[in-house]
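Input: a single structure, listed below in structure tokens.
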Amino acid sequence: MALAFNVLTRNAMLDAITTFAAGSGKLRIYDGSRPATGGTATTLLAELTLNATFAPAASSGVLTLNAITTDASADATGTATWFRITKSDGTTHVLDGNVATSASDLNLNSVSIVATGSVAVSSFTITAPNA
């Protein structure tokens, strides 16, 4: 049986992500196999800037990130398979997740990214366990 956290605990866990990430972090989208947490990244396809205020307080076990700036010119061509959020310094790892077009940690309209093309994320939520 999986652990079950009460809503205050779930919200506190998510709010800790906001505190750690701080403002103006990076959402980096990569191709290839996702490394072990914090491991060496593969090919960077796109880098989007997170809001100066990462997210408002979590509610009901869900953290909804504030607006994310579009990458107007993707870095490389490839198939998006995973992402990493870093602090604004671009090196301090906050979290990694999978990318797909549905039922993933980060869902994009298309996982096909083309160099110099635009990459946008219209919304991003992180849901705590058993929320």
Seminar exercise, completed: Ranked output for segments 90-96, 9-15 by mean other Cβ atoms within 10 Å, highest leading, reads 9-15, 90-96
Exercise. Residue by residue, what Karplus-based ³J(HN,Hα) values in Hz, rounded to whole numbers, does segment 112-125 have, using 6.51, -1.76 and 1.60 with θ = phi - 60° and x for Gly and Pro?
Worked result: 7, 10, 10, 3, 6, x, 8, 10, 10, 10, 7, 7, 8, 10
Exercise. Over what distance in Å are the Cα centres of segment 24-56 and segment 63-110 separated?
Worked result: 5 Å
For this session: Could you work out the local net charge near residue 51, counting Lys and Arg as +1, Asp and Glu as -1, over the other residues with Cβ closer than 14 Å to its Cβ?
Result: +2
Problem set entry | Derived scalar couplings ³J(HN,Hα) [segment 77-90; Karplus, 6.51 cos²θ - 1.76 cosθ + 1.60; whole Hz; x for Gly, Pro] | 9, x, 9, 5, 10, 7, 9, 9, 9, 10, 5, 4, 6, x
Exercise. Given labels modelled 7 Å from the Cα in the Cβ direction, how far is it in nm from residue 120 to residue 92?
Worked result: 3.1 nm
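Since every read-out is calculated from the coordinates, none of them should be taken as a lab result. Note that the structure is predicted; figures quoted are calculated from it, not measured. In this analysis, Cβ positions are derived from the backbone assuming ideal geometry, glycine residues included, and neighbour counts consider all displayed protein chains.
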